[in-house]
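Just below is one structure, and these are the notes that go with it.
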Amino acid sequence: MLFRSRLPKSEDEPLPRIDFAAKWEGDLRLEPRTDQPGSTIDLQQRVVLTRPGGMRLLAERVRIWLAEDASPSDAPQPRKRRGEINDDGRTRPERMLALRQVELKSPQMVGATERLEIWFSPGRLGPPPATPETLEADVTQLTPRATQLANSPLRRVALRDPDLVPGVQAAANNRPGPAGLKPAGPPPGNPPNSPRAASPRPAANPAADGPAALDPLPGQEGEPGKGKTPSPILVSADVIRVQMLLDADDAEVERIRTEGHVHVTQSHGPGQIPLDVKGDQLHVWNYTEERQVLRVQGKPAHVHDRGLQLEGDDIRFDRGANQASVQGKGVLRMPVRNGIDGKKLPDAQLVDIFWQEKMEFDGQTARFFAGVKTQLNGTELSCEEMQVRLTRRVSFIEDNATREPELETVLCRDRVHIKSAEYQENKLQSVRLATGQEFQFEQSTGDLLSNGPGILTFWTRNTGKADKPSRTKTGQRNPIAQGNSPWNFTRVTYSGRMKGNAEKRRSQFFDRVRVIYGPVNTPTEQLDVDRLPEQAGTLRCEELTVTQVIAPRDKSEHVTVLGRGNCEIEGRMKDGYFSALAYSVSFDQSKGMYVLAGDGRRDAELSRESQPGASQPAVQKAKRFEFFPERNELNVIEASSATGGT
């Protein structure tokens, strides 16, 4: 045992408080230190080390470095024999090395590893610095690293402490995320000649020697805790380095650094998914019961906490400040009930957001940078910068099990590309593409807002039947069939704002709007404005409203268009071409009909060529008229004047 003050000189004096107590089955070696005043203690074979305050350590070999505080210069210096430990109260533990089958338990941490290095300092946990992740403990290696790896170390520790079983089991059963997040499997097996394989530690037995069987040391009898005590962090790695603070009976973990096959879990309570961290390296800064900063690195590293899943090469988690960040590329997965377009999903789904540069998240707003991509319920989205805001703040400390967060807004900037598709009975009915500089989705209303310039392109299936033209009761061809082409194409280019609504299937465009439309053969084919086919055309205006109309199963989904302000139309008919100037133009694709109107001061004007290249086109002016290009039919509602040829 190592005492905190000198040993009593007589039986009448009480024993001092114990600093450490140890059991072992092999050799003990006590040697003086050569680097400074003090000694080293080397214990071998089934070592069990305990300390008041709840710290317990099991290992096959433990080495402790003891330091002696300097005595006053005028104090007499007693002579010591070789290997004798000073008993004047100035001896204190400075550091410790534990090797092979190492298990550490403290109120803040449970660890399992093949190599554990601990540094001891006097003090208590204090407030976090401004940039805690830059303060790294001096944890240079003491001896060459051990090569043996722990086999299911957290499970082994749990067997010795039933209180830890729920947290370890919950982490092992953690639900897998799509494309990569899976429950942890057991690490590689032990080498056939490893110490573990040669002499395995006996199975857990409450009556056997071990932490659970040791009598409590003086000062270790449990004092009632104040407030809710958080579950300890369970850490498994090839190498664990710990900075501990000692204050009377308290031993608090200040910093942790781990390397190799890192796995960290922490229970959040019954029925809740625990914190689960995997990676190659882990740094933990522990400041208060509710303030820990974690930095995990890997290729990639994984963090799953409070319903959120993160993957990346460098993940930083500040649980007290409720902030998370990833440096470099990564992916965030979170459950949502609304699609990107604001529509309710049948069940909560995991949305995956990928990026290439970095991610920042404060519990409610996540920001992603460079090469951002996501896909949800048939909608694909990519951009260079994305902001996702949730309807409520997700706490990294408190219980979030009452209800899952929902998307509130999704803001995309720079080289935005959106693609969505709709199916009916597994048959593709429409495809929509949107590109531009900025798009914002409002989930509560279903609105899509955009600042131009931008382009909206969509294809709609022409008919629900075998791509054949339908006919009226009199045998005439129905205009909605628009020939034998199975798809209708529309592309809208705008320079100003755009406002759309996915639920209402309506979009408004402002400032220098241009539309090209017509029949195509596939949902990928686009029209060339210089080579328009029959029944295709273009429209220019200052303001445009486009509505996609859902039709019954035996009819075609179609588009209606309303343009205002300096409208110009050009199109191709079966036997020629037409053009028009008007203040307002509406077009109903299901009827193949235009309605043109003037502004009250100037009439609408329609020009038709009976044959391509006619020298004298027919020009019709009117306050308002209807025009059917497929039949070359004109119905004047309020005539003004007419000139020209046939």
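The values are calculated or read from the model by the stated rules, or taken from the named source; none is laboratory data. Quick caveat, the model's predicted, so the values are computed rather than measured. Here the Cβ positions follow ideal geometry from the backbone for every residue, glycine too, while neighbour counts run over all protein chains shown. The area values use the complete protein model at the heavy-atom level, side chains included, leaving out ligands, DNA and RNA. Shrake-Rupley method; radii C 1.70, N 1.55, O 1.52, S 1.80 Å.
Share of segment 342-443's accessible area from carbon and sulfur, percent, 1.4 Å?
Answer for segment 342-443 is 41 percent, counting heavy atoms of protein chains only.
Short version: ³J(HN,Hα) in whole Hz for each residue of segment 95-104, in order, from phi by Karplus 6.51 cos²θ - 1.76 cosθ + 1.60 (θ = phi - 60°), x for Gly and Pro, what are they?
My calculation for segment 95-104 gives 7, 8, 10, 10, 10, 6, 6, 8, 10, 10 Hz in order.
For segment 302-373, what is the Kirkwood hydrodynamic radius in Å, using each pair of distinct C-alpha atoms?
12.7
Grab the beta carbon distance between residue 437 and residue 69, set R0 = 60 Å, and tell me the FRET efficiency rounded to 0.05.
FRET efficiency, residue 437 to residue 69: 0.35.
Can you send over the carbon and sulfur percentage of the accessible area for segment 292-332, probe radius 1.4 Å, protein chains only?
Answer for segment 292-332: carbon and sulfur cover 43 percent of the accessible area.
With 27 Å as the limit, write out which pairs from 343/373; 344/373; 344/419; 329/427; 344/591 have Cα-Cα distances beyond it, or answer none.
329/427; 344/591
For the full complex of protein chains and a 1.4 angstrom probe, list 304, 261 by accessible area with the highest value first.
Ranking 304, 261 by accessible area, largest first, yields 261, 304.
Report the net charge of residues surrounding residue 531, where surrounding means a beta-carbon distance below 14 angstrom and charges are Lys +1, Arg +1, Asp -1, Glu -1.
-4
Send over a whole-number figure in Å² for the accessible area per residue of segment 487-605, probe 1.4 Å.
About 48 Å² of surface per residue is accessible.
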